[in-house]
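Asks: My questions will all concern the structure given below.
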Amino acid sequence: RVGKLQQDLAVLERQGAGVKISEQGHTTALINGEQVFFGIEEPIRRVVTQKPRVPNPTDRWDYDKVVRHEPGGKLALVIHSSTWGQYVQRARWSDAKVQRIENHVADFVAGLMRTAVSLKRQEEERKKREAEEQKRAQERAQLRKDIQEEEKKLKQFKEWVDLWEQAERLSRFVSAYAVKTRSWSAEKQPQCEAWIEWATRQADRLDPFILEKPA
């Protein structure tokens, strides 16, 4: 039966879908550029039989059951490529009491086609979400950069205000000093003038409005 199903599934190649075995041993169909993994399965059934009772059991093994696994006798066509959400598609066709899966090959092939479409749409949606997330990440990064720039400018602004206030305070003191020392003796005037020149340079070094700072 498996060989007959494989022959029936050759219709995929006649419809232009490339069918091959992957390196991992999975059967895959290339449909409209999408790889859809599928296969033929025969579920294994578990058969349990009780060991014959012995007249005088002396060991617990005398009560054990015999368990063996054997082919279930029913085949299933399975699509292994997963779809989710609004794109979810039927993925399994199995033997039933009324019909065998040989009668469902056409429906299974149609399911492969639908799955290929769903996979493409899922991928498009994933790329769209990634692009949106990347855009939001860029916006967040730009916002952080803008905030840092504003904080830097505000910090500099406050520093300028502090320096300006210090320079103004020093300049007022130098002006007051110049007025007060005019009445001092002529011998002290050269020393006072030198100090005034030096102090003026110190105030100018702090003043943010003076671009060319004194040496």
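The values are calculated or read from the model by the stated rules, or taken from the named source; none is laboratory data. Please read these numbers as outputs of a predicted model, since none were measured by experiment. Every residue, glycine as well, gets a Cβ built from its backbone with ideal geometry; the counts of neighbours run over all protein chains shown. Accessible surface areas use protein heavy atoms only, side chains included; no ligands, DNA or RNA. Shrake-Rupley method; radii C 1.70, N 1.55, O 1.52, S 1.80 Å.
Asks: Are any residues in region 182-200 open to solvent by less than 90 Å² (accessible area, probe 1.4 Å) and either free of Cβ contacts under 8 Å to residues at least 12 places away in the same chain or within 60 Å of the chain's Cα centre (by Cα) (or both), and if so, which ones? Even if it seems obvious, please write down each step before you answer.
Replies: Of the residues in region 182-200, the ones open to solvent by less than 90 Å² (accessible area, probe 1.4 Å) are 185-186, 189-190, 192, 194-196, 199-200.
Passing the criteria: 185, 186, 189, 190, 194.
Asks: Tally the residues that are part of a helix (DSSP H, G or I) and open to solvent by 60 Å² or more (accessible area, probe 1.4 Å), restricting the search to region 61-84.
Replies: 2
Asks: Counting only residues that are in a strand (DSSP E or B) and under 15 Å from residue 114 (Cβ atoms), which one in region 25-34 is nearest to the chain's Cα centre (by Cα)?
Replies: Ranking the candidates gives 34 first.
Asks: Anything in region 92-111 that is open to solvent by 40 Å² or more (accessible area, probe 1.4 Å) and under 24 Å from residue 35 (Cβ atoms)? List them, or say none. First the steps, then the outcome.
Replies: Initial filter on region 92-111 (open to solvent by 40 Å² or more (accessible area, probe 1.4 Å)): 92, 94, 96-100, 102-104, 106-107.
Result: 92, 94, 104, 106, 107.
Asks: Another question, if that's okay. Report, by residue number, each residue of region 88-102 that is out of contact with any Lys or Arg (no Cβ under 6 Å at 6 or more places or on another chain) and either charged (D, E, K, R) or part of a helix (DSSP H, G or I) (or both).
Replies: 90, 92, 97, 100, 101, 102
Asks: Just checking, which of 208, 190 is of a type outside the set (A, V, I, L, M), assigned to a loop (DSSP other than H, G, I, E, B) and either farther than 30 Å from residue 93 by Cβ or touching a helix residue (DSSP H, G or I) at 6+ places or on another chain (Cβ under 7 Å) (or both)? Write out each step before concluding.
Replies: Working: 190 fails: assigned to a loop (DSSP other than H, G, I, E, B).
After ruling out the rest, the residue left standing is 208.
Asks: I would also like to ask the following. Going by what's in this entry, would residue 167 be described as over 25 Å from residue 207 (Cβ atoms) and open to solvent by less than 100 Å² (accessible area, probe 1.4 Å)?
Replies: So residue 167 does not fit the description; no.
Asks: Can you tell me which residue is modelled with the lowest pLDDT among those in region 40-60 that are surrounded by 14 or more Cβ atoms within 10 Å (Cβ to Cβ) and among the charged types (D, E, K, R)? Reasoning before the result, please.
Replies: Filtering region 40-60 down to residues surrounded by 14 or more Cβ atoms within 10 Å (Cβ to Cβ) leaves 40-42.
Subset that is among the charged types (D, E, K, R): 41-42.
Working: 41: 83, 42: 79.
So, considering only residues that are surrounded by 14 or more Cβ atoms within 10 Å (Cβ to Cβ) and among the charged types (D, E, K, R), the one modelled with the lowest pLDDT is 42.
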